[in-house]
Amino acid sequence: MTQNISQFSFPNTIYFGAGAIDNLPQYVQDTGIKKPLLVTDAGMLDTDVFPKVEIILKDAGISYSVFSGVNPNPLDSDISKAVEVFKNQRCDGVIGLGGGSPLDAAKVIQVLAAHGGRVNDYDISTGGNQNIKGPLAPMIAIPTTAGTGSEVGSCSVITSVEQGRKFLVCSPLLRPAIALLDPELTVGLPADLTAGTGMDAFTHCVEALVVKDFHPMCDAIALKGIEYIAQYLEIAVKEPGNIEARGYMQMAAMMGAVAFQKDLGAAHSLSHSLSAVSHVPHGLANAICIVPVMKFNKKECLKEYAKVAACFGINTFEMSDEEAADKAIEAVADLNKRIGIPKKLSQAGVEEKDLEELTQKAFLDGCHQSNPRKCTKEDLMNLYRQVL
Ligand SMILES: [Fe+2]
């Protein structure tokens, strides 16, 4: 046992199951919301999910307003516009519907609706989180992807239009009152997005697991998440209508976000930079980068990676931890292959000439600070090179 004092906090009320969306009116009532602002992105309007949610609200006689202007990486200006709608329409709660971006935006809308000001005022890097005080308008999060786990997270990533940078807004108060996980809402997700977002969830679990903090609850949750992903991600990619696989992937994504309360690691620094510089989707970037990062970290986390191998169903009984760790890395690369993740960043449009800028930005990113093996700038460059 450690002699350090560890602080644990575990998240919100979660409703999980096929058809859970039908109970949305009850959940709206439970949270005390009289008029929700339904926050989503333009892409969702063309799916089957959005009209379904509208019909459920209308049939229950719930008056609501819609803001569908959230950008793929939510902008601070999106939030300001949404807050205007929230106030003008006299809303008193928020429903975030979609992938990580609408959910992240919805979380910050609660903050600005309660406290006013600009999104920048709540930037955690300048201590803005101190300005977030309760109570906030209640929020219900309805994810339609299985990756970010934003529905149980206490942070949002927002892009400042003026400053051209991403920043975090974080507070336990940002956690939605209710996370509604209905696997039926994810069946329309195309195979490549299912694969990429699923490997984002995997990266959350495996990076959180090896962060050198004492947090046995997060570790256990990370391992269970990895087990679900090992078992169900390929099925979800190849059989999009398989509700069991979709459900376990939704669980795994949510569990990944619970686990990364511990923090993340180098793969997320590499992928944040890849998204900013080369516009590689976050999940795809993580999927490609996690393999070299696991190799780089191996010696520092043999025991943890041996457990990862067991999650993949590998019999590690007669193996040394190092052999088992090697098997775990092989299993991850093999899963990537089976679900159609390209091996190389060049297949995702990254070029040699981008490496310098990619490395600079990855080094500035905070995630690698909690990587189990310290990363220099050269290390990060080498990690990129291994998969270029
Ligand atoms: Fe991620």
Quick check on region 358-379: of everything there that is closer than 24 Å to residue 261 by Cβ and of a type in the set (Lys, Arg), which residue is least open to solvent (accessible area, probe 1.4 Å)? 373
Out of 222, 208, 179, sole residue that is more than 14 Å from the ligand (Cβ to nearest atom) and either open to solvent by less than 10 Å² (accessible area, probe 1.4 Å) or not aromatic (Phe, Trp, Tyr) (or both): 179
If a residue has to be assigned to a helix (DSSP H, G or I) and within 12 Å of the ligand (Cβ to nearest atom) to count, how many in region 143-158 make the cut? 1
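When you check residue 166 against the structure, is it open to solvent by 10 Å² or more (accessible area, probe 1.4 Å), under 18 Å from the mean Cα position of the chain (by Cα), modelled with pLDDT under 95 and not aromatic (Phe, Trp, Tyr), yes or no? Step through it out loud before you land on a result.
Working: open to solvent by 10 Å² or more (accessible area, probe 1.4 Å): yes; under 18 Å from the mean Cα position of the chain (by Cα): yes; modelled with pLDDT under 95: yes; not aromatic (Phe, Trp, Tyr): yes.
In short, yes.
Which of the following residues is more than 16 Å from the ligand (Cβ to nearest atom), open to solvent by less than 10 Å² (accessible area, probe 1.4 Å) and among the aliphatic types (A, V, I, L, M): 285, 324? Before the answer, list the steps.
Numbers: 285 fails: more than 16 Å from the ligand (Cβ to nearest atom).
Only one candidate passes the filter, namely 324.
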Can you tell me which residue is most open to solvent (accessible area, probe 1.4 Å) among those in region 225-249 that are in contact with an Asp or Glu (Cβ under 8 Å, 6 or more places away or on another chain) and over 16 Å from residue 335 (Cβ atoms)? 243
If residue 143 satisfies every condition in (1) at pLDDT 95 or above; (2) more than 13 Å from residue 174 (Cβ to Cβ); (3) surrounded by fewer than 21 Cβ atoms within 10 Å (Cβ to Cβ) but one, which is the exception? (3)
Could you please give the count of residues in region 121-179 that are free of Cβ contacts under 8 Å to residues at least 12 places away in the same chain and β-branched (Val, Ile, Thr)? 1
List the residue pairs whose Cβ atoms are under 7 Å apart, where the first residue sits in region 250-271 and is at positive phi, the second is part of a helix (DSSP H, G or I) and open to solvent by 10 Å² or more (accessible area, probe 1.4 Å), and the two are 6 or more positions apart or on different chains. 263/370
Being of a type in the set (Phe, Trp, Tyr) and in a helix (DSSP H, G or I) is the filter here, so list the residues in region 15-38 that pass it. 27
If we take region 39-107, then helices (runs of 4 or more DSSP H) inside it with 2 or more residues that are among the β-branched types (Val, Ile, Thr) are 49-59, 76-88
Could you check region 81-95 and list, in sequence order, the residues that are more than 22 Å from residue 161 (Cα to Cα) and open to solvent by less than 30 Å² (accessible area, probe 1.4 Å)? 91, 93, 94, 95
Suppose we keep only residues that are closer than 21 Å to residue 264 by Cα and not in a loop (DSSP other than H, G, I, E, B) within region 125-142. Which one would you say is nearest to the ligand (Cβ to nearest atom)? 125
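The values are calculated or read from the model by the stated rules, or taken from the named source; none is laboratory data. For clarity, every value in this text was computed on a predicted model and none was experimentally measured. Cβ coordinates were reconstructed from backbone atoms using ideal geometry, including for glycine residues, and neighbour counts include every protein chain displayed. Accessible surface is based on the protein model in full, side chains and every heavy atom, while ligands, DNA and RNA are left aside. Shrake-Rupley method; radii C 1.70, N 1.55, O 1.52, S 1.80 Å.
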